[in-house]
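Here the structure is laid out as structure tokens; the discussion comes afterwards.
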Amino acid sequence: MTSEQRADGAALVQNIIQTFISDSSQNSLQNQNDEKAFDQPLVGFSSGDDPLYQDFKAHVGPFHWTPWEIFNKTFPDLQVNPGELSVISWILPQTETTKQDNRKQTQYPSERWARARIFGEEFNKKLREKIVNHLEAEGYETVAPMLSPLWARRKSEAFWLSSTWSERHAAYASGLGTFGLCDGLITPVGKAMRVGSVVARIQLPPTPRPYKDHYEYCLFFTHGICGECIPRCPVGAITEEGHNKLKCHKHLRHSVPGYIMTHFGFKGRGCGLCQTKVPCESKIPTKQDVSEEEGSSPPTRRGIL
Ligand code: SF4
Ligand code: SF4
């Protein structure tokens, strides 16, 4: 494929995603005013043969798919090399109103945040389907790993609960951001966002990764300061040691749903307190965003999440 063809493919994909987000009535919090769930996206690409995908397998667990593995499981009759595939990844930023509401919360999510978690994620699912259908119609076989019936949660020795595909890792590989102390992905529009991806048999120009380290945007790891996500967590799931997935999971699964049903009247979960009212909420934070320095030597890096 020539670089011009790759650039045309990138423009096609960008257009599908941006148009759906701006025009679709399904991009909605499904509240009284039918407010939009998400602002305009960031989109990034990575190649199916990017060695990072092998690294994820080594760090997360052997069950974690490379792009080629899930493509091959979905289209077993096609003979495809990893380098013929691209991962298309996107970031859906929460709106300012949703973030404003969640900043005020100290125990449970705001109604808008909970709606973005449930109805916004339904839209994110539709977006994955939209891209798959559109690219398939153009002749490019495509799979959304998170929508595959083969996708599954897995116990990981290193990270307790994991899965066969991680949207955040795909976004990291696709140049869209790096991880934070709380495990969230810090992107140029912050970490108050949702993320999605598909794997397609189309060659797209990989998005440059403007970072060398998987924690590069987190002030705690780079400067030994901040840690503002730690007190934001109502159940103590974030410490200087990182994110305790078990504590977080218990809160999200056992405590939050009852609150949402009682107060907002729908089935839901979510939290996002550590994603809001923190320096990395809406941008890549800088030292100037932290009022009081809490330390001076960056802690030791951990392996990729
Ligand atoms: S709030 Fe601070 S410590 Fe926590 S993820 Fe963001 S930058 Fe890192
Ligand atoms: S999402 Fe999890 S880690 Fe973040 S504040 Fe809520 S319970 Fe804590």
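Here are some notes:
- Filter pass, residue 260 being in contact with a Pro (Cβ under 9 Å, 6 or more places away or on another chain), at pLDDT 95 or above, more than 10 Å from ligand 1 (Cβ to nearest atom) and among the β-branched types (Val, Ile, Thr): yes
- Residue pairs whose Cβ atoms lie under 6 Å apart, separated by 6 or more positions or on different chains, with the first residue in the range 207-230 and at negative phi and within 12 Å of ligand 1 (Cβ to nearest atom) and the second in a loop (DSSP other than H, G, I, E, B) and hydroxyl-bearing (Ser, Thr, Tyr), are 221/215.
- So residue 218, is it within 10 Å of ligand 2 (Cβ to nearest atom) and in contact with a strand residue (DSSP E or B) (Cβ under 9 Å, 6 or more places away or on another chain): no
- Candidates 181, 176, filtered to the one that is over 24 Å from residue 239 (Cβ atoms), modelled with pLDDT of 95 or more and not in a strand (DSSP E or B): 176
- Complete set of residues in the range 238-250 that are under 13 Å from residue 184 (Cα atoms), within 9 Å of ligand 2 (Cβ to nearest atom) and in contact (Cβ under 8 Å) with a residue 24 or more places away in the chain: 238, 243, 245
- In the set (1) outside any helix (DSSP H, G or I); (2) near ligand 2 (Cβ under 10 Å from one of its atoms); (3) in contact with a strand residue (DSSP E or B) (Cβ under 9 Å, 6 or more places away or on another chain), residue 282 fails one condition alone, (2).
- Test for residue 191: is it surrounded by 24 or more Cβ atoms within 10 Å (Cβ to Cβ) and basic (Lys, Arg): yes
- When the test is whether a residue is surrounded by fewer than 16 Cβ atoms within 10 Å (Cβ to Cβ) and either closer than 20 Å to residue 67 by Cα or within 16 Å of ligand 1 (Cβ to nearest atom) (or both), residue 129 passes it.
- The set of residues in the range 221-230 being surrounded by fewer than 20 Cβ atoms within 10 Å (Cβ to Cβ) and near ligand 2 (Cβ under 10 Å from one of its atoms) consists of 230 alone.
- Qualifying residue in the range 172-184 (condition: surrounded by fewer than 20 Cβ atoms within 10 Å (Cβ to Cβ), free of Cβ contacts under 8 Å to residues at least 60 places away in the same chain and either in contact with a Phe, Trp or Tyr (Cβ under 9 Å, 6 or more places away or on another chain) or among the β-branched types (Val, Ile, Thr) (or both)): no
- Across the range 55-70, the number of residues qualifying as assigned to a helix (DSSP H, G or I) and more than 19 Å from the chain's Cα centre (by Cα) comes to 3.
The values are calculated or read from the model by the stated rules, or taken from the named source; none is laboratory data. Computed from a predicted model, the values in this text were never measured in an experiment. Please note: Cβ atoms are built from the backbone with ideal geometry, for glycine as well, and neighbour counts cover all protein chains shown.
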